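This report refers to the structure that appears directly beneath it.
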Amino acid sequence: MEHETIEGLPGRYWHRLEDGRVQCDICPRYCKLQEGQRGLCFVRARADDAIVLTTYGRSSGFCIDPIEKKPLNHFFPGTPVLSFGTAGCNLTCKFCQNWSISKARALDRVQDHASPEAIAQAALASGCRSVAFTYNDPVIFLEYAIDVAQACRAKGIKTVAVSAGYIAPEPRLEFFRSMDAANIDLKGFTEDFYRNLCSGKLAAVLDTLCYLKHETDVWFEITTLLIPGENDSRHEIEALCNWVREQLGVDVPLHFTAFHPDWKMRDKPPTPPATLRMARGIGRRQGLRYVYTGNIHDPDGQSTYCHRCGALLIERDWYDLADWNLTAQGNCRRCGAQCAGLFEAKPGSWGRRRLPVNVRAMA
Ligand code: SF4
């Protein structure tokens, strides 16, 4: 049998074990690899007695999206964000909504090559406020994401990690130090859900959320995809909202989004809008200030309201913004209460467009 030649950038987080294997220390899977083996994420492998990242500088394509699509509703609303991903994933969610990228194996999906400087330059040239690591989880391409983030910072461009938060404590320090914002997927609220449907651990994700809140300045929002019969019971949603309020506080925005049948979970129906509205109602009754519905048409559930006087602050319909009633400092124009998040004097005007771009041609 012909052996694959593995090439890549030497990773920063791994160590040798006494039994001769090498352990990757990026995520709580801690894959232990023999020479020539790949980790579960597929993009990290052991080559020449070290762990290497095989997708450094390679991407699955670049698009300019609205920041609301990440979703981030309180981070420079209305602005365009240059978005890209690579290949692979460190979770195995049966309901993956992005599997053509996350499950890419032969790296045939990552044909675009782009240096960190080229990406930062393209963001600047196209008027993007930020660059997002999305489509697949940036935790697995940490070294590349960090280099891109640093190149962006040098040009005044913000960076956004869209992640499941499944990362080990040590690399987490360096990773989030480089990010300005994040959307963390909280995929369910039971260990059974994580074990059976994602082959992961809920506790590790909750640990990352607490870390972000209490030990960083990263602006973050949370997304939970509600899957009929799997994680959408009133009891589980109440427990999730209660945990967010008690551990993270009432200002962390929470997005309940609609599932559509995909990947290995095609036997479930799409999430009924009523379930998303029920979840939003639970969060609001528990005192969470910013709870949203997503992936459905629901202007009421997607707009932002003042937590003190109830005034409409930002009117949204999908990714389009309409009414805007915040001051330049992010205060309610009616009562003056502060709205949590990062705002500018005016909202962006990108709208709902999705624009593919050729980053190398723009560098
Ligand atoms: S990042 Fe990849 S190789 Fe490393 S522990 Fe996680 S799944 Fe395994």
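Listed values, structure above:
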| read-out | value |
| --- | --- |
| Qualifying helices (runs of 4 or more DSSP H) (wholly inside segment 107-202; at least 3 residues being buried (at least 24 other Cβ atoms within 10 Å of the Cβ)) | 116-125, 142-154 |
| Filtered residue count, segment 35-62, keeping only those that are over 20 Å from the mean Cα position of the chain (by Cα) and hydroxyl-bearing (S, T, Y) | 1 |
| Test: P228 is open to solvent by 50 Å² or more (accessible area, probe 1.4 Å) and more than 29 Å from E174 (Cβ to Cβ) | no |
| Residues within segment 237-254 that are outside any loop (DSSP other than H, G, I, E, B) and open to solvent by less than 20 Å² (accessible area, probe 1.4 Å), tallied | 6 |
| Where R12 falls short, out of the listed (1) crowded, with 24+ Cβ neighbours inside 10 Å; (2) within 12 Å of the ligand (Cβ to nearest atom); (3) part of a loop (DSSP other than H, G, I, E, B); (4) not aromatic (F, W, Y) | (1) |
| Matching option when the condition is hydroxyl-bearing (S, T, Y), in contact with a Leu (Cβ under 9 Å, 6 or more places away or on another chain) and modelled with pLDDT of 95 or more, among S130, S102, S83 | S130 |
| Qualifying residue in segment 282-289 (condition: open to solvent by less than 70 Å² (accessible area, probe 1.4 Å), within 28 Å of D217 (Cα to Cα), among the aliphatic types (A, V, I, L, M) and modelled with pLDDT of 95 or more) | yes |
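Residue by residue, here is whether (1) in contact (Cβ under 8 Å) with a residue 40 or more places away in the chain; (2) charged (D, E, K, R); (3) surrounded by 12 or more Cβ atoms within 10 Å (Cβ to Cβ) holds:
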| site | (1), (2), (3) |
| --- | --- |
| D317 | no, yes, yes |
| D320 | no, yes, yes |
| A328 | no, no, no |
| R334 | no, yes, yes |
| L342 | yes, no, yes |
| R352 | yes, yes, yes |
| N358 | yes, no, yes |
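The values are calculated or read from the model by the stated rules, or taken from the named source; none is laboratory data. These numbers were taken from a predicted model, which means no experiment stands behind them. Counting neighbours? That spans all protein chains shown, and the Cβs are built from the backbone with ideal geometry, glycine included. We work out accessible area using only protein heavy atoms, side chains counted, and drop any ligands, DNA or RNA first. Shrake-Rupley method; radii C 1.70, N 1.55, O 1.52, S 1.80 Å.
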